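Working notes, beginning with the structure itself.
Each reported figure results from applying straightforward, stated rules to the coordinates on display, with no laboratory input. The shown structure was predicted, so the numbers you read here are calculated from the model rather than taken from an experiment. Please note: Cβ atoms are built from the backbone with ideal geometry, for glycine as well, and neighbour counts cover all protein chains shown.
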Amino acid sequence: MKKIPQMEPWFDEKERTAMAEYLKGDAWLTEFKKTEEFAGMIAGFTGAKHCIIVNNGTISLTLALLTAGLQPGDEVIVPDLTMIASANCAKMIGAKPVFADIEKKTLCLDLEKAEEKLTPKTRALIYVSYNGRCGDINAVKNFCGKNNLFFLEDAAQSLGSCYGKTHLGRIGDIGSFSFSVPKVITTGQGGALITDNDKTAETLKRIKDFGRTRGGIDLHDFIGYNSKFTDLQAVIGIEQMKKLPSRIKRKKEICRLYIKLLSQIPEVELIPTNLDETLLWFIDIYVPDPDKLQVFLKEKGIGTRRDYPPIHSQKAYNLNEHYPVTEDYSSRGLWIPSSSKLTDDDIKYVCGCISEFYKNNKSGS
Ligand SMILES: Cc1ncc(COP(=O)(O)O)c(C=O)c1O
């Protein structure tokens, strides 16, 4: 039986050759010229003035909060539906993530709900462009400006997605990306921060390098950490970035075919999405019985992944709070195969199996 994974990293001869070439030369392995080149490619692709590469997309968020001067006890507004790192980055520096519900239209933070969470301690807002979508992000920017909040865009899932013509991650004070394995391009682990602000970029560069005054000398006038990347990963990242435009094109074709086929299955809810601006990270469906569908698809060789549980309900937080939209979508969400490697036949097979499940299982029970 053919196996179709929910997501997979993929490479070809280009990565293998580039790595062999790099290792033949004067390879210091740690971050240097290859990392600078990779950063330049991301800045160029997103249109940002600066890009700083770090070791992952959790540390990137943490460093962004530190750069903004957040202190222990400060409050940070975070959507309840996101990958847990969006909240944990606040915890890492002793700040408090304060959760707010999402809007149905985009599954991103609901600004009206966020407003209800403002207190005199609120210092920052993390807007997650969930699954590559975003809501009225200009309104979020105005809201942050009016309330004197640091606006951090967690665009970990959004490389390739825009708001109008502006790449996501560029509207906030800082935008953060991840290159972990399931992303559209990957370096195994990796993160990037983008900003147009020279001073912010300078602080980020220093804070990821032990707070060094400049490279190569051991003078430190503030506390920094080691969140450096490696040129080994950057060699892969450069080749992956070259593939990004064709992957985006293919992923959009995949989305369009999925939407056409899935729209014919009444039990499947899709979030209407403008695919001209949005690159969906994963194909997300909302169904009455995602666990049963997941088991059924597994038997057919199809990999899926359940949507994240609401963060407030995770044991790590265990808050007695209630966010109905998050709870509803999280309880019904299933990510189906979403790799840019999928063929049209794979997609037809996946949709055929989902259709078969509901034909045999009319009541969804
Ligand atoms: C929204 C979001 N934020 C942060 C992260 C953390 O990124 P990383 O796994 O690179 O630490 C992820 C990872 O998937 C994510 O989806």
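Before moving on, here are some points about what is shown:
- For the Cα trace of the chain, dividing Rg by the Kirkwood Rh returns an Rg/Rh value of 0.98.
- Computed from the C-beta positions of residue 116 and residue 345 and an R0 of 45 Å, the FRET efficiency is 0.40 to the nearest 0.05.
- Calculated P(r) tail over 24 Å for the range 83-214, as whole % of Cα pairs: 29
- Computed over the range 51-140, the quotient of the alpha carbon radius of gyration and 2.2 N^0.38 Å is 1.04.
- Ordered by the count of other Cβ atoms within 10 Å of each Cβ, fewest first, 32, 222, 357, 229 give 222, 32, 357, 229.
- All other residues whose Cβ lies under 10 angstrom from that of residue 161 are scored, Lys and Arg at +1 and Asp and Glu at -1, for a net of 0.
- Calculated from backbone phi, Karplus (6.51, -1.76, 1.60) coupling profile of the range 264-280 in Hz, x at Gly/Pro: 8, 10, x, 6, 9, 9, 10, 8, x, 9, 7, 6, 5, 9, 9, 9, 5
- Kirkwood Rh (inverse of mean 1/r, distinct Cα pairs), the range 234-365, angstrom: 16.3
- Residue 298-residue 328 FRET efficiency (beta carbon distance; Förster radius 30 Å; 0.05 resolution): 0.80
- Taking label points 7 Å from Cα along the Cα-to-Cβ direction, residue 321 and residue 19 give a separation of 4.1 nm.
- Largest-first principal axis extents of the Cα set of the range 1-106 (Å): 50, 46, 26
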